[in-house]
Amino acid sequence: MPTLLKLNNLPTKPGIYRFLDKTGRLLYIGKAKNLKNRVKSYFVKTTELSPAKQQMVQKINKVEYTLVNNETEALLLERSLIKKFQPPYNVDLKDDKSWLYAQITKTDFPQVILTRKKENHQTTKKDNQGRFFGPYTSALAIRQTLRMLKRIFPYYTESGPMINLAKNTTSRLHLGRYLNQPLTDKKEWQKNIGLIKKFLAGKNAEFKIALQKNMATQAKKKNFERAGLIRDQLKYLEIVNQKQRVIKNNEVDEGYLAKVKKKYLGLKELQKVLKLPKTPLRIECYDISNIGGQMAVGSMVVLTNGEPDNSSYRRFKIKTVIGANDPAMIAEVIKRRLHNDWPKPDLILIDGGPTQLNAAVRELKKAGFKLPIVSLAKREEEIYLPNEAIPIKLPKFSSGLQLLQRIRDEAHRFAITYYRKLHSKKYLE
């Protein structure tokens, strides 16, 4: 049975836990919003467990876990793994009769409906049933997601007279009038459905960029009402992204776990290459976004155990630097970060070369902090260390380099998104 010390070392984040016996046989797979609290409950409150679970606890020799981003991902991964490995103490999730799918019908006016009867349909262009997305273990989560999507891209979820009435643009029940959206014809309807398909398939980045460009265009044309509507669409889209991550058919098990393995490897490689005192479980990355020093902003993104920790992301309006001076801006952001009582990082990554790195190092010294810090220069993807003249050049296939690139790119995305938001707001004012 695992010791109390080992249980206390479990993270307090969402994830999947696996109980194994002394021979390594998988006994049980479970999900948790807080891994530490959930797993400990089996060992401190056994009297409240069913007889079968009490028997299981006596056999537990080892606890393994996989961290995920949120509770919804935990639900999806749990069900997929149970279906694949069939642990003996998981007796109620071994079939998929209750799994929920989103179906987009193949009609002139496609509808988005929820169904529990997929019947082995494949999502191909020849499928007369349309396309299926899922499965979803949480009916509440997918229903909330689709309701939010309807506010962004109007569509109907029911067939019958409503569809026919909606085709008539003079009807008060026309799609646009019914949903308090601009009038929507057949072409616009199908366009919206196409965007919903891309979102459910996890390909939402391209139309998010399209929306941002369209918003800027409408603002320049002084179509402020339309620009404001697109701004709201982007806001709701961001909320949906945080609530739901779609895992496509047959891509969960090996693909997801392989990515996880490539990451708790990337962290170990960084510890070794950068000679860090411990595995960098919390990495903070900083980037600056501006054009000619105008409306400059900074971003801080965080990886926890190799996964984006969105709740820890921070953004900064540059207040003390005038003109295009990225090193000074980095220094300001680092200084302001150090004055906040946030968890200390195991590694700080600066987007840039030695100039940006040195500016950040000076701020750390002024504040009396001794934290591991490096920078990543984009042109040659070289890693610069303080007081080291020669940068480190890792091979392209390096898991550690790819991890740094991923958080660097995320910091850049987060910074430029904030910059564009302020830029668009200026046009709207």
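The values are calculated or read from the model by the stated rules, or taken from the named source; none is laboratory data. Just so you know, these numbers come straight off a predicted model, no measurement behind them. Reconstructed Cβ throughout: ideal geometry from the backbone, glycine too, with neighbour counts over all protein chains shown.
Summary table
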read-out: Boolean, Val273 is aliphatic (A, V, I, L, M) and either in contact with a Lys or Arg (Cβ under 7 Å, 6 or more places away or on another chain) or not assigned by TED's automatic domain parsing to the domain that holds Glu382 (or both); value: no
read-out: Residue match in the stretch 405-416 (condition: under 21 Å from the mean Cα position of the chain (by Cα) and more than 22 Å from Leu267 (Cβ to Cβ)); value: yes
read-out: One residue from Lys421, Lys396 being assigned to a loop (DSSP other than H, G, I, E, B) and of a type outside the set (A, V, I, L, M); value: Lys396
read-out: Test result for Tyr313, at pLDDT below 95, under 16 Å from Ser299 (Cα atoms) and surrounded by 18 or more Cβ atoms within 10 Å (Cβ to Cβ); value: no
read-out: Filtered residues of the stretch 289-314 (kept if small (Gly, Ala, Ser), closer than 17 Å to Arg408 by Cβ and in a strand (DSSP E or B)); value: Ser289, Gly298, Ser299
read-out: Single residue of the stretch 58-89 satisfying the filter (among the basic types (Lys, Arg) and surrounded by fewer than 17 Cβ atoms within 10 Å (Cβ to Cβ)) that is nearest to the chain's Cα centre (by Cα); value: Lys84
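Rundown of residues vs (1) touching a helix residue (DSSP H, G or I) at 6+ places or on another chain (Cβ under 9 Å); (2) under 30 Å from Tyr28 (Cα atoms); (3) modelled with pLDDT under 80; (4) among the basic types (Lys, Arg), yes/no style:
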residue	(1), (2), (3), (4)
Pro87	yes, yes, no, no
Asp95	yes, yes, yes, no
Trp99	yes, yes, yes, no
Ile104	yes, no, no, no
Phe109	yes, no, yes, no
Val112	yes, no, no, no
Thr115	no, yes, no, no
Lys118	no, yes, yes, yes
Thr124	no, no, yes, no
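Per-residue answers, yes or no, for (1) in contact with a helix residue (DSSP H, G or I) (Cβ under 7 Å, 6 or more places away or on another chain); (2) modelled with pLDDT of 60 or more; (3) outside any helix (DSSP H, G or I); (4) among the acidic types (Asp, Glu):
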residue: Ile230; (1), (2), (3), (4): yes, yes, no, no
residue: Val246; (1), (2), (3), (4): yes, no, yes, no
residue: Asn249; (1), (2), (3), (4): no, no, yes, no
residue: Gly255; (1), (2), (3), (4): no, no, no, no
residue: Ala258; (1), (2), (3), (4): no, no, no, no
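Residues are listed down the side, and each one gets a yes or a no for (1) among the small types (Gly, Ala, Ser); (2) within 17 Å of Tyr313 (Cβ to Cβ); (3) touching a Ser or Thr at 6+ places or on another chain (Cβ under 9 Å):
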position	(1), (2), (3)
Gln356	no, no, yes
Lys366	no, no, no
Ile373	no, no, no
Leu376	no, no, no
Ile383	no, no, yes
Ile390	no, no, no
Leu394	no, no, no
Thr417	no, yes, yes
